[in-house]
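Everything on this sheet refers to the single structure shown next.
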Amino acid sequence: MNLKGLVLAAGEGSRLRPFTFSKPKHLIPLLGKPLIRYAIDDLVSAGVRDIGVVVGYFGDLIKEALGDGSPLNARFTYIGQEKRLGIAHAIHLAIERGFVDKPFVVYLGDNILSHGIGKHLKRFVESDTDVYILLSKVKDPSRFGVAVVKNGRVVRLVEKPKEFVSDLAVVGVYFFRDPDLVEKAFKTLKPSWRGEYEITELIQWFIDNGYRVDYSIVSG
């Protein structure tokens with residue numbers, strides 16, 4: 001199965017100021033290469049080469065830095081997200097504008113997985129799950145979207161819980177099989193208290209409507 005990739009890089013990186021006053025956080029160098037390259041290189045090494053890059057804040061600088069993708073053995077399509085309305089909204093734009101038209105993997109452009117996504121992509125492709133997410137144990141769940149797991153299935157997702165429900169945070173990598181179902185789910189969403197369309201609520205729609213949501217736990 002040939003997946004499309006979607007790297008999200010529209011955010012302002014307000015927590016990284018003053019570095020992000022003059023450039024997006026995704027271009028801040030880490031060990032000699034821009035942060036966003038870790039997500040892109042991981043996708044390419046897993047065989048995902050048709051990649052959409054969602055840009056907003058200083059988007060022109062990201063386009064300039066990455067180009068068309070050919071030196072990285074990839075092909076980039078840029079999707080503008082003028083208003084930062086959340087991860088689910090960015091995915092919706094990529095589907096609406098015709099880039100995402102088959103099974104796809106979403107990778108937040110400021111995430112780094114020490115062991116990469118290769119084996120998770122393989123598991124997703126070989127399974128018949130509708131949504132596949134990565135989880136990681138955290139000390140302070142209130143800072144993350146977390147997953148409640150029972151009998152090997154994800155039963156509930158909670159965005160930044162005020163009380164303890166789980167210590168399994170949702171990592172910024174998500175696999176989806178059917179873009180049409182994702183759009184159907186998106187159309188039911190309303191902006192959350194922080195004015196964003198939440199990825200946790202998008203995936204919750206799949207759970208509530210009887211679709212299969214599987215996971216792996218990662219460290220690093």
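With +1 assigned to the C-beta of every Lys and Arg and -1 to the C-beta of every Asp and Glu, and no other charges, what is the dipole magnitude of the chain about the Cα centre in debye, to the nearest 20?
Magnitude of the dipole: close to 460 debye.
Taking 0.36 nm per residue of separation and subtracting the Cα-Cα distance, full extension of the segment from LEU181 to ARG212 would add 9.9 nm. Each of the trypsin sites (Lys or Arg not before Pro) that DSSP puts in a loop and that has at most 10 other Cβ atoms within 10 Å breaks the chain; the longest unbroken stretch is 1-82.
When all alpha carbon pairs of the chain are counted in 5 Å bins from zero, the resulting P(r) reads 1, 7, 15, 20, 22, 18, 11, 5, 1, 0 %. Look at the alpha carbon pairs under 8 Å that are at least 6 residues apart: their mean separation over the length of the chain gives a relative contact order of 22 percent.
Is there a pair in LYS25/LYS63; LYS4/LYS122; LYS63/LYS83; LYS25/LYS184; LYS122/LYS150 whose C-alpha atoms are over 21 Å apart, and which pairs would that be?
Over 21 Å apart, Cα to Cα: LYS25/LYS184; LYS122/LYS150.
Taking GluC sites (Glu not before Pro) as exposed when DSSP calls them loop (any state but H, G, I, E, B) and at most 15 other Cβ atoms lie within 10 Å, what is the longest stretch of the chain free of them, the sites themselves excluded? Counting only loop sites that pass the neighbour cut-off, the longest clear stretch is 83-162.
Highest GNM mean-square fluctuation among VAL125, VAL106, VAL48, for the chain modelled with Cα contacts below 10 Å: VAL125.
Listed by chain and number, the aspartates and glutamates placed with their C-alpha closer than 15 angstrom to that of LYS139 are GLU163, ASP167; residues fewer than eight positions away on the same chain are left out.
Computed over neighbours whose Cβ is under 12 Å from that of SER192, the net charge equals -1, Lys and Arg +1, Asp and Glu -1.
Over the stretch 49-95, how many percent of alpha carbon pairs lie in each 10 Å bin up to the one with the longest distance? Cα pair-distance distribution for the stretch 49-95, in percent: 27, 51, 22, 0. Every pair of different Cα atoms in the stretch 118-220 enters the Kirkwood calculation, which places the hydrodynamic radius at 14.0 Å. Residue-wise HN-Hα couplings along the stretch 68-83, as the Karplus relation 6.51 cos²θ - 1.76 cosθ + 1.60 with θ = phi - 60° gives them from phi, are 8, x, 4, x, 9, 6, 9, 10, 9, 10, 9, 10, x, 10, 4, 9 Hz; Gly and Pro carry x. A dipole drawn for the stretch 95-163 from +1 and -1 charges on Cβ atoms has a positive end, and of PHE144, PHE124, GLY109 the residue lying farthest that way is PHE144. Taking each DSSP H run with n ≥ 4 as -39500 (n - 2.57) and averaging over every residue of the chain yields -7500 deg cm²/dmol at 222 nm. In terms of its alpha-carbon gyration tensor, the stretch 30-72 comes out oblate; a/c meets the 1.5 threshold, while b/c is at least as large as a/b. The alpha carbons of the stretch 71-140 occupy a box of 33, 33, 31 Å along the principal axes, longest dimension given first.
Once backbone amide H atoms are built at 1.01 Å from N, ARG156 has VAL148 as its partners under 5 Å, excluding neighbours fewer than 5 places away on the same chain.
Any read-out appearing in this document is the output of simple, stated calculations on the displayed coordinates, not a laboratory observation. All of these numbers come straight from a predicted model, not from anything done at the bench. Cβ sites come from the backbone with ideal geometry, for glycine too, and all protein chains shown count toward neighbours.
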